[in-house]
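The values are calculated or read from the model by the stated rules, or taken from the named source; none is laboratory data. Treat the numbers as computed from the prediction; the structure is a model and nothing was measured. Quick reminder, even Gly has a Cβ in these numbers, built from the backbone with ideal geometry, and neighbours come from all protein chains shown.
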């Protein structure tokens, strides 16, 4: 794993290296450290499916370890069953089911599983994020934004979640609120080139092309080979140039 760390030191923005470190830590049963690496990947690309699934897998294994370390109490188990609450064994099964459904992109089924887990852990930020993801993928962008709001009440300094909420607002045409979310995310992490890019796109959609160009330029300073950003910047530059010639 040392080679991955050295590579990551040289190119700290490369998700591949972060993801590889996370996988190595996962194999060493260092799941919390692995989750930290996968979360770094998701800061760079919130839609990285591999990082999301690997993070969920480590969370599931942590839950299994917790369950294995608890001594069974038949009295408590009977009480849980009689009241309809989910036992730790059932919780592990739900996490496994959720992982499988997300791998198969079965978001409609996954959201029901997330709902059951949230009944048990209503303040689990990762579950609120998965709820937002599933709703977004199903086209329920307003409802997804509400889930991200709940997560932000618990972790208001999470730049990635601000970015996800902004994306959902943009999908329903609320561009000014979208930009506000990106501003908050960038206040927390000004080096997040994916959010700089998203803010640039949103600014372009409200005809703030010069400000959009500034965002694209900042993103490209961090990641010069960001192809989508290069293309968006080129289109924006053409629009600014046409506007200049029109008024002059």
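Looking at 153, 146, which is the one that is assigned to a helix (DSSP H, G or I), at pLDDT 95 or above and surrounded by fewer than 14 Cβ atoms within 10 Å (Cβ to Cβ)? It would help to see each step written out before you state the result.
Working: 146 fails: surrounded by fewer than 14 Cβ atoms within 10 Å (Cβ to Cβ).
Checking each option against the conditions leaves just 153.
Cβ-Cβ distances below 7 Å connect no pair with a first residue in region 178-191 that is in the same structural domain as residue 204 (by TED's automatic domain parsing), a second residue that is modelled with pLDDT of 95 or more and in a helix (DSSP H, G or I), and a separation of six or more residues or different chains.
When every residue of region 225-232 is checked against the conditions, at least one turns out to be closer than 22 Å to residue 48 by Cβ, modelled with pLDDT under 95, not in a helix (DSSP H, G or I) and not assigned by TED's automatic domain parsing to the domain that holds residue 41. The set of residues in region 192-224 being closer than 14 Å to residue 175 by Cα, outside any helix (DSSP H, G or I) and in contact (Cβ under 8 Å) with a residue 12 or more places away in the chain consists of 206 alone.
Matching residues to (1) assigned to a helix (DSSP H, G or I); (2) over 17 Å from residue 55 (Cβ atoms); (3) at pLDDT 95 or above; (4) within 19 Å of the chain's Cα centre (by Cα):
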{"site": "97", "(1), (2), (3), (4)": "yes, no, no, no"}
{"site": "129", "(1), (2), (3), (4)": "yes, no, no, yes"}
{"site": "162", "(1), (2), (3), (4)": "yes, yes, yes, yes"}
{"site": "180", "(1), (2), (3), (4)": "yes, yes, yes, yes"}
